[in-house]
Amino acid sequence: MSPRRASPIEVIERLRAAGCVFAEDEARLLTAAAGTPAELEQLLGLRESGLPLEQVLGWVQFCGLRITVRPGVFVPRRRTGLLVKRAARLIRPGSVVVDMCCGTGAVGAALLTAEPELTLYAVDIDPAATACARENLAPRGGTALTGDLFAPLPRTLLGRIDAIVANAPYVPTDAIARMPPEARLHEARVALDGGPDGLEVQRRLVAAAPEWLAPGGQLLVETSSSQAPQTLAIFARHGLTARVVHSRKLDATVVIGATALIGARSA
């Protein structure tokens, strides 16, 4: 005998009991995703166990796109839309762009949607992340590579990259224990842990970026509002002219730095 399909009210109550703040919205999404009562039970069980909704569904809505999400891979946050918005202002047909620490490749996918004539590479140290990014980017013409920061990029790109966008991990190691369990328990630690002060990966990224950027090339790094002054100082230390951009609506902060143009004179 087939199991009875849980009613909408029952689904909401179960999600509320599991601690889901937006139980009504989640109930609607899970019910729509389940073709049978058995599938709904399976999805509800996964969500009740604490698995992030996006990993239960297998996708997340990001910048108007449905981005594939796989178990263990960092789920793109709404705040990262600021990184996309600012990068989209800088790219042109034919621009060479790198989505560094790419996770699902959501940022790269959004930029390719905004400008399909990009040459886009996405890089992550986690093979599970780049496998997921490949699903999101290959249909749009992007390339996903596995490795530590710039290591897997073709050396032919040295001095030729127009923009590097990075949502590098910036959570201080000690703060990970205080993160919501959905992130702490179900996303790869390498996607979260930014070292003792949260800036370890940023330092390595910014130090290496200038030799890869074209003259006038741009580096855009998501950070927190409290860390922004330190991130800005890291940019300056490596010769990048930088500024901080903040969105109150998205609760998002991005530091944007540029290399010097050929022939530019210092004041």
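The values are calculated or read from the model by the stated rules, or taken from the named source; none is laboratory data. Since we're looking at a predicted model, the values are computed, not measured. Glycine also receives a Cβ, built like all others from the backbone with ideal geometry; neighbour counts cover every protein chain displayed. In case anyone asks, the SASA skips ligands and DNA or RNA and just uses the protein heavy atoms, side chains included. Shrake-Rupley method; radii C 1.70, N 1.55, O 1.52, S 1.80 Å.
The helices (runs of 4 or more DSSP H) falling completely within the range 1-104 include none with 3 or more residues that are in contact with a Phe, Trp or Tyr (Cβ under 8 Å, 6 or more places away or on another chain), over 28 Å from ARG160 (Cα atoms) and free of Cβ contacts under 8 Å to residues at least 60 places away in the same chain. Of everything in the range 186-204 that's open to solvent by less than 10 Å² (accessible area, probe 1.4 Å) and farther than 16 Å from THR253 by Cβ, which residue is modelled with the highest pLDDT? This residue is GLY195.
Scanning the range 123-177 for residues that are outside any loop (DSSP other than H, G, I, E, B), among the hydroxyl-bearing types (Ser, Thr, Tyr) and under 14 Å from the mean Cα position of the chain (by Cα) returns a single hit, THR130.
Looking for something of a type outside the set (Phe, Trp, Tyr), within 28 Å of ALA18 (Cβ to Cβ) and open to solvent by less than 60 Å² (accessible area, probe 1.4 Å) - is there at least one such residue anywhere in the range 144-165? Among the residues of the range 144-165, not one is of a type outside the set (Phe, Trp, Tyr), within 28 Å of ALA18 (Cβ to Cβ) and open to solvent by less than 60 Å² (accessible area, probe 1.4 Å), which makes the answer no.
If ALA38 passes every condition in (1) open to solvent by 10 Å² or more (accessible area, probe 1.4 Å); (2) within 25 Å of PRO127 (Cβ to Cβ); (3) hydrophobic (A, V, I, L, M, F, W, C) but one, which one does it miss? Going through (1) open to solvent by 10 Å² or more (accessible area, probe 1.4 Å); (2) within 25 Å of PRO127 (Cβ to Cβ); (3) hydrophobic (A, V, I, L, M, F, W, C) one by one, ALA38 breaks only (2). LEU90 passes every criterion in (1) surrounded by 20 or more Cβ atoms within 10 Å (Cβ to Cβ); (2) under 22 Å from GLN202 (Cβ atoms); (3) in contact with an Asp or Glu (Cβ under 9 Å, 6 or more places away or on another chain) apart from (1). Within the range 178-206, being of a type in the set (Asp, Glu) and part of a helix (DSSP H, G or I) holds for GLU182, GLU200.
Taking (1) open to solvent by less than 60 Å² (accessible area, probe 1.4 Å); (2) at pLDDT below 95; (3) among the β-branched types (Val, Ile, Thr) in turn, ILE234 satisfies each apart from (2). Against the criterion of being assigned to a strand (DSSP E or B), open to solvent by less than 20 Å² (accessible area, probe 1.4 Å) and in contact (Cβ under 8 Å) with a residue 24 or more places away in the chain, ALA209 does not qualify. Of the conditions (1) touching a helix residue (DSSP H, G or I) at 6+ places or on another chain (Cβ under 6 Å); (2) surrounded by fewer than 20 Cβ atoms within 10 Å (Cβ to Cβ); (3) charged (D, E, K, R), ASP124 clears all except one; give me its number. (2) is the only condition that ASP124 fails. Taking the criterion of being over 15 Å from the mean Cα position of the chain (by Cα), hydrophobic (A, V, I, L, M, F, W, C) and modelled with pLDDT under 95, would at least one residue in the range 110-117 satisfy it? Checking the range 110-117: not a single residue is over 15 Å from the mean Cα position of the chain (by Cα), hydrophobic (A, V, I, L, M, F, W, C) and modelled with pLDDT under 95.
State yes or no: is VAL73 touching a Cys at 6+ places or on another chain (Cβ under 6 Å), surrounded by 15 or more Cβ atoms within 10 Å (Cβ to Cβ), modelled with pLDDT of 90 or more and within 16 Å of ALA133 (Cα to Cα)? In short, yes.
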